[in-house]
Amino acid sequence: MKFLMVCLGNICRSPIAHGLLKHKAEQLGLNWEIDSAGTSGYHQGELPDRQAIECMKKHGIDITYQRSRPFSKRDFAAFDVIYCMDRNNYWDVRSLAENETEEQKVMMILNEVNAGSDSNVPDPYYGGKEDFEMVYAMLDKATDAIVTRYNPTH
Ligand code: 4NP
């Protein structure tokens, strides 16, 4: 399976989701491809936000291999599922889809935890440590649900 995590800047939320799912897939020996992207190119080429790196490090996961990149229309073909962190990201990506197959790949990540809730992962960019911890906790649950849903040996 190939999963793409998407937020606005690709430096806070989607790098945490990307790092969590990659870590879990590796621990389970799953041959999954995981990447992340931003609906903007504001931070292209940059490392994840310092607080995102710190938060993940505290939980034993290194995300310093990641670099921000903008979402590309080519990502529709390259990935099986595209998880968006909030409704803006969702509609920004959905509006680039050219057919139903592409549209159906675009999901709200928290719907894996609460089906149909369409709830946002709040943007922690202007926040502090607690905000990143809350995002981590939400995405930890969501990535557990993704593993349960797609792990063939489950
Ligand atoms: P992210 O957070 O979308 O979770 O990576 C943000 C990062 C940067 C900006 C906004 C949100 N920005 O406007 O630069």
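The values are calculated or read from the model by the stated rules, or taken from the named source; none is laboratory data. Quick caveat: nothing in here was measured; it's all calculated off a predicted structure. Neighbour counts run over all protein chains shown; Cβ positions are idealised from the backbone, glycine included. Side chains are part of the model used for accessible areas, which takes the heavy atoms of the whole protein and leaves out ligands, DNA and RNA. Shrake-Rupley method; radii C 1.70, N 1.55, O 1.52, S 1.80 Å.
Some values worked out for this structure:
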| item | result |
| --- | --- |
| Amide hydrogen neighbours beyond the local backbone of Ser36, cut-off 5 Å, H modeled | Met5 |
| In the range 1-123, lysine pairs closer than 30 Å at Cα, eight or more apart or cross-chain | 15 |
| Accessible area of Ile11 in the full protein assembly, 1.4 Å probe (Å², nearest 10) | 10 Å² |
| Of every Cα-Cα pair in the chain, the percent that sits beyond 25 Å | 20 percent |
| Amide H contacts under 5 Å for Glu46, placed H, 5+ residues apart | Ser68 |
| Viscosity 0.890 mPa s, temperature 25 °C, Stokes-Einstein D of the range 39-102 from Kirkwood C-alpha radius, µm²/s | 181 µm²/s |
| The range 4-27 and the range 106-154: distance between their alpha carbon centers, rounded to Å | 10 Å |
| In order through the range 145-150: 3J(HN,Hα) via Karplus (6.51 cos²θ - 1.76 cosθ + 1.60), integer Hz, x for Gly, Pro | 5, 5, 4, 4, 6, 9 |
| Rg and Dmax of the range 80-140, Cα atoms only, in Å | 12.8, 40 |
| Estimated FRET transfer efficiency (Ile61, Arg149; beta-carbon r; R0 25 Å; 0.05) | 0.75 |
| Helical mean residue ellipticity (222 nm; -39500 (n - 2.57) per DSSP H run of 4+; nearest 500) of the chain | -12000 deg cm²/dmol |
